[in-house]
1. Normalise the Cα radius of gyration of the stretch 276-338 by 2.2 N^0.38 Å (N = residues in it) and let me know the number.
2. Taking every pair of alpha-carbon atoms in the stretch 54-181, what share in percent sits in each 5 Å bin, from 0 to the bin with the longest distance?
3. For the chain, give the percent of accessible area contributed by carbon and sulfur heavy atoms, probe 1.4 Å, rounded to a whole number.
4. What is the calculated FRET efficiency for Ile29 to Val381, with r their C-beta to C-beta distance and R₀ = 51 Å, to the nearest 0.05?
5. Using only the Cα atoms of the stretch 334-446, what semi-axes does the equivalent ellipsoid have when each is the square root of 5 times a gyration tensor eigenvalue? Give whole Å, largest first.
6. How much mean residue ellipticity at 222 nm does the chain get from its helices, if each DSSP H run of length 4 or more adds -39500 (n - 2.57) and you divide by all residues, to the nearest 500 deg cm²/dmol?
7. Pick out, from Leu111, Val489, Ser33, the residue whose Cα sits farthest towards the positive end of the charge dipole of the chain, with +1 on the Cβ of Lys and Arg and -1 on the Cβ of Asp and Glu.
8. What full-extension length gain, to one decimal in nm, is calculated for Val315 and Lys557 as 0.36 nm per residue of separation minus the Cα-Cα distance?
Amino acid sequence: MTDAVRILMCPPHHYDVDYVINPWMEGNIHRSSRERAETQWNQLYQVLTGYATVDLVKPQPGWPDMVFAANAGLVLGDHVVLSRFLHPERQGEEPYFEQWFEENGFTVHKLPKSLPFEGAGDALLDRAGRWLWAGYGFRSELDSHPYLAKWLDVEVLSLRLVDQRFYHLDTCFCPLTDGYLLYYPPAFDAYSNRLIEMRVPAEKRIAISEVDAINFACNTVNVDRVVVMNQASDELKQQLGDRGFTVEETPLTEFLKAGGAAKCLTLRVTEPRQDSPQASTVQSRVIHLEGHLLDSGLVNRALDTIVTGGGSFQVLNFNLGEQRQDHSSAEVKVSAPGQMVMDDIMGQLIDLGAVSLPQEATPAALEAVVQDGVAPDDFYVTTIYPTEVLIGDRWFKIEGQRMDGAIAITRSANGLVARCKLLRDLQVGEEVVVGSKGIHTLRNEPSLKQKTDDFSFMGAGVSSERRVELVVEQIAWDLRRIRDRGGKVVVTAGPVVIHTGGSEHLKKLIQGGYVHALLGGNAIAVHDIEQSMMGTSLGMDMKRGVSVHGGHRHHLKAINTIRRYGSIAAAVEQGALTSGVMYECVKNNVPFSLAGSIRDDGPLPDTKMNLLEAQSDYARLIEGADLILMLSTMLHSIGVGNMTPAGVKMVCVDINPAVVTKLSDRGSVESTGVVTDVGLFLSLLVQQLSKLTGQYAQI
Ligand code: ARG
């Protein structure tokens, strides 16, 4: 069998490092010795003639990298897919390689001009011929892979390269005889590593060290049980030896300067074809983006999302508006190595407002719920943005939009309803949207835009101490306008509001009609009631700032009193609670919800210790909110952020910048962060509101 192997090489008569198209070439321009290169190349040639017949293609002046024959094309049986080099520096090699293949009886397939593919540098056959591993990410385009599958009639497994030192697949991956694989896992993304692990059993995988990788140990010529490479560590030699391989080292340092070694310098032209079903799992979809694409950086974000998600793109067209305020639109072809990656990428693009082209819009895929409270595996996870799904030939707006839910479909005599539901609320008999087809989010809805404009002065971001006053002015202005037009403001507050002396001011906001629901935990109510009944907050005298003898029991006494009356409202009605934030809520008919936690003392009878009930209660109170004021409570703020749809302005006040940032990290992008003491913030806010009223005492 050995003598049946033929290898193509190209003598290095014109080899040099003339330009930089990979990181190895940097700093090496004209630093290689032609003489040494000739010697090293000849040694490799000599070694290989011991195991195979070596054919030669004539080198051409002006094309110094032509010596890397692996990049001529990809051979299988008597077919070859000719390379389409990414860099113009190498494109001139194509006709010479083409001529050689023609003269040697190959059927030559040529890819479209704008579709880079760099031959056997980026495509390696499983040595048993069962499938083809094809790389992408640097030199070859993912979209070339389906052509390989079709023309060569082989299954193609796409692997994404992520380390630019290993820009060609053959620099970090080498299938060996008997199903072994020599490779450097960190050169691939997680999905690709998983794919490799699924196809190659653990005992057949030889993962090499970084040192071996940068000595190009994966860039190996393998014939039967012999592996020929530049250099291998003792450890690697041992590993290969244990598996019955003989390592032949032959120095190729001159070629390393151009980013290549043994395998790059050769192209195996006898690749017997095995029966394998042609297939490529590469998926493509065309998406449409519209809006202030440049101003908003949306195009960049979309393209980044595709690439970092493991896909690739082709911009099919891009219409820039004429003026700055004009809309622009873009059509982008998205490709991904498999359905899972595609769904992931599409999910994120949908969040950015991307839609499928009308002619490509396929109805959403639905799958039945077969167990209460459990969604089908690849259910679409909702975001805060208004969303529509295509069912049959109609788009349905989703009700109850929130993030981290599933889209549940129910059909009845009254028609079809698509609703955002939490996993635990899913019921057998409903269907759930799966995958990413037939879904789009409305990022530019007129109502949304209107609201965004209203608040545009706040923008997103975290303000520093210096800007607090300015921000407070703006928030006051908004509170005023929302109140006057009958809108809704929800406050979520932590106990710090009480400790920092904020309750005076929060009370005023409630009295002034600026607060339409209050959300918190057991603690804020307990401390507020303690302060109202005993003048202390967690045992501290609020007026004098000193701790009171026996004060640490005060909050338990406060709890106990309320428990006696059965509820906060009952205590108010019966005159046991006569002031404070909770008192004002009861008196002014402001609904409140207290969510329990593991550390709660008591708790107060009003505190909902069943968290699912508390969550639903919060969700009910948030409904229809125009603005949510989050005052020094990380957990409740994030909880609230998660259940709030886009378009609702959030103002998060906390002394800890991490809390404020965390909220925007949670995806609640329309929030404004104010890093300051919450007591100070509230006093400034009340002061500002009274200025607007013109009456100091009254807001
Ligand atoms: N300088 C060449 C390039 O960057 C090196 C090619 C190495 N070939 C390979 N199959 N890895 O294209």
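The values are calculated or read from the model by the stated rules, or taken from the named source; none is laboratory data. Remember, it's a predicted structure, so these values are computed and weren't measured experimentally. So basically every Cβ, Gly included, is an ideal-geometry build from the backbone, and we count neighbours across all protein chains shown. Please note that ligands, DNA and RNA were not included when accessible areas were found on the heavy atoms of the full protein model with its side chains. Shrake-Rupley method; radii C 1.70, N 1.55, O 1.52, S 1.80 Å.
1. Taking N as the residue count of the stretch 276-338, the ratio is 1.35.
2. 2, 11, 22, 24, 21, 14, 5, 1, 0
3. 50 percent
4. That gives a FRET efficiency of 0.55.
5. Calculated on Cα positions only, the semi-axes equal 21, 16, 14 Å.
6. Helix-only estimate at 222 nm: -9000 deg cm²/dmol.
7. Positive-most Cα among the choices belongs to Val489.
8. Length gained between Val315 and Lys557: 80.3 nm.
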